[in-house]
1. Cβ-Cβ below 6 Å, separation at least six or inter-chain, first residue in the stretch 120-134 and surrounded by 14 or more Cβ atoms within 10 Å (Cβ to Cβ), second among the aromatic types (F, W, Y): which pairs?
2. Limited to the stretch 32-78, what total is found for residues that are in contact with a Ser or Thr (Cβ under 9 Å, 6 or more places away or on another chain) and among the aromatic types (F, W, Y)?
3. Return the pair list, or none, for Cβ contacts closer than 8 Å from residues in the stretch 74-88 that are under 13 Å from W42 (Cβ atoms) to residues that are in a loop (DSSP other than H, G, I, E, B), at least 6 apart or on different chains.
4. What about A22, is it at pLDDT below 85 and within 18 Å of Q130 (Cα to Cα)?
5. Pick from the stretch 64-85 the residues that are over 16 Å from F38 (Cβ atoms) and aliphatic (A, V, I, L, M): which of them is nearest to the chain's Cα centre (by Cα)?
Amino acid sequence: MTALLSLGLLAEPIKAPPETAALYALTPDHEGPLLVNFWASWCSPCAAELPLLAHLDDEVDDLRVVLVNIDHQRRRAEAMVRRLELDLPVIYDTDGELTRAFDPAALPSSWLLVEGEVRQVYEGVIEIEQVRRDVEAL
């Protein structure tokens, strides 16, 4: 999957990889858009972005944020989640299956998914207002 810069919603949605089913399984009662964020414990911009994502999850109606950690060992990532007191679903992608499927070009990177389709890709630290506008435009 080719990564795209955040310039508003994609003109044509892209089918998400089949591995997306694991993300939806974390939020079985949620029917709205998912914002899937790839991050690592050693990534300073990721650490700065995680609290913003938690705020976004709380504040934007119908949006659910799912975190995908790409560390090879869970210990540091779990410690960061505890330290930041994050109350978001987290997949620890220690085998790299989701990371290979989505192939993020940068960290952090986020994908806005709607019904199994990629509607937007955000590279780098997201701008909360841009995501808010994108979700409202769906």
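1. Note: pairs meeting the criteria are V121/W111.
2. Adding up the residues that qualify gives 2.
3. Between residues of the stretch 74-88 that are under 13 Å from W42 (Cβ atoms) and residues that are in a loop (DSSP other than H, G, I, E, B), the close pairs are R76/S41; R76/W42; A77/A40; A77/S41; A77/D71; A79/S41; M80/S41.
4. Working: at pLDDT below 85: yes; within 18 Å of Q130 (Cα to Cα): no.
Taking the combined requirement at face value, the residue does not satisfy it.
5. Among residues in the stretch 64-85 that are over 16 Å from F38 (Cβ atoms) and aliphatic (A, V, I, L, M), the one nearest to the chain's Cα centre (by Cα) is L84.
The values are calculated or read from the model by the stated rules, or taken from the named source; none is laboratory data. Quick caveat: nothing in here was measured; it's all calculated off a predicted structure. We place every Cβ from the backbone using ideal geometry, glycine too, and count neighbours over all the protein chains shown.
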